[in-house]
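Here is the structure we will look at, set down as structure tokens.
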Amino acid sequence: MSGEGGSEVEGVGEPGSPEAARALGRQLRRLRENAQLTQDLMVKLHGGSKTSISRYENGDRIPRTDYVKALLEETEQRGRSLTDDALAAVWALYERALGPVGGRNSERAALYAQEKQLRLVQAQEAQAAGELARLAADREVLETQVGADAALRELDADRARIERHREHLARERRRIVAAIDAMPDPGEDGRSSTLVPLPGPPGTGSDQPTSLSVAPGVPPWQRLMTLMVVLLIAVAAIIWGVAALRHDDSSRDDEAGGTAQQEPGKRPSGSSTPTPTPTPTPKPTRSPSSSPPTTDPAPPDADKTSPRPPSSPAAPAAVAVRWSGNVTLDDGSSDGNPSISWAMDPVPPQRSAGGDISLLCQLVCESGRYAGRTIVVYQGNSTPQREECISLLNANPGSSIADVPDGTVACFGTQAGRVGYFTPHAAGRGQIRVHATVWELPPG
């Protein structure tokens, strides 16, 4: 096998073929078993499901690069480090399973090509930083020598040239990251089976198929199966729409006769029917907000001596945990393959430029400093509750950068209005293992 991106990978089928996907799956299974990792443990550490991992290893689906990187990280942490040639062979298999841009996994292949270019730029940036450090050390030596003016001028010229090159690389890195962030999401998995995916129009964000474009030479039974898939999706969409309408009607009936404070980020419900007894309008709160009050305050103009009908306090609805597990932040210093930011609303979380939990990086990443939409360090001695995080975030609006030492807990908010908390643990070589928990939005 050749290095990463190499085209000479023998015995694994044509690029983008099911045979190439199965060869990748066999390699992923070997990596997991050699590291003594079960599928259950991989799900616990990095999210996903056993079904997805089984499909990866059977070659039925192609995983995201995040899963492959996580598997390689776990392999190394368990003392099963791979040589550079072995790592390059894994990525060569992955690229061959994807196939070319414009093929059956076109969107995933295009994303991987951008990620590959990003790794190259990151490696060049690290090399430039090392060269600048060497020149700085050489300059300190020359400054102590007599008659070294010419050598100092030459050294300064080299340093200025490398600085310009590093600035160019930084601009290129930002351009690639922006391009990756703007690319359409290829979905949880890239198909590698014989069925041809039916994506919606590019740029619309729709997952609904809009045509029956089948590859030439597809047998009639596959065309029939494709048609059945489209019909099932259409029927499911109709059923979902009817259920949503009924849910909205029932929500309006349940809310008639009273009002409740709504949390930012909650799904809007239907308008409530006013009750005969006036109630004060709830005061607006900052996002994320606390749970609705359990009792209604008395109207300001109500007669204090008149009897008041008893009110039954309603317990706030329990909010379930949406996701809990580990993600890895990586400044790319070890292998030029950075993963510095995660969006925490998807399940499992996804790498995203400007996500909810990020390393604070400019030219270099600052140790122990994190950025996000809202991040505040939690001062308690135990695991925070959701209401505690809400109160903490509301008391510190606009706090998007925080110093979070290893082992410290910090609360954070997400783009969709959810809240959660995380604890970082440095894993060495520019990597930080972050254990995070995200709560669901309140019901309603």
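Residues that are without any contact (Cβ under 8 Å) to a residue 60 or more places away in the chain and either closer than 26 Å to Ala88 by Cβ or in contact with a Pro (Cβ under 6 Å, 6 or more places away or on another chain) (or both) within the stretch 362-381 comprise Gly368, Tyr378, listed in sequence order.
Mind listing whichever residues of the stretch 140-171 are surrounded by 13 or more Cβ atoms within 10 Å (Cβ to Cβ) and in a loop (DSSP other than H, G, I, E, B)? The one that is surrounded by 13 or more Cβ atoms within 10 Å (Cβ to Cβ) and in a loop (DSSP other than H, G, I, E, B): Ala148.
For the stretch 54-69, the condition of being in a loop (DSSP other than H, G, I, E, B), over 21 Å from Tyr112 (Cβ atoms) and touching an Asp or Glu at 6+ places or on another chain (Cβ under 9 Å) holds for none of the residues.
Report whether or not Val377 is within 16 Å of His435 (Cα to Cα) and open to solvent by 70 Å² or more (accessible area, probe 1.4 Å). When the stated conditions are applied, Val377 does not pass them. When the stretch 74-105 is filtered for residues that are assigned to a helix (DSSP H, G or I) and crowded, with 19+ Cβ neighbours inside 10 Å, the ones remaining, listed by number, are Glu74, Thr75, Ala89, Val90, Trp91, Ala92, Leu93, Tyr94, Glu95, Arg96, Ala97, Leu98. Note on the stretch 120-139: residues that are hydrophobic (A, V, I, L, M, F, W, C), free of Cβ contacts under 8 Å to residues at least 40 places away in the same chain and more than 15 Å from Arg164 (Cβ to Cβ) total 3. Considered as a group, the residues in the stretch 419-429 that are touching a residue at least 60 places away in the same chain (Cβ under 8 Å) and open to solvent by 30 Å² or more (accessible area, probe 1.4 Å) include one that is nearest to Pro346 (Cα to Cα), and that residue is Ala427.
Taken together, the residues in the stretch 345-360 that are touching a residue at least 60 places away in the same chain (Cβ under 8 Å), part of a strand (DSSP E or B) and not hydrophobic (A, V, I, L, M, F, W, C) amount to 2.
The values are calculated or read from the model by the stated rules, or taken from the named source; none is laboratory data. For clarity, every value in this text was computed on a predicted model and none was experimentally measured. When we count neighbours, we look across all protein chains shown, and the Cβ atoms used for this are built from the backbone with ideal geometry, even at glycine. Heavy atoms of the whole protein, side chains included, go into the accessibility calculation; ligands, DNA and RNA do not. Shrake-Rupley method; radii C 1.70, N 1.55, O 1.52, S 1.80 Å.
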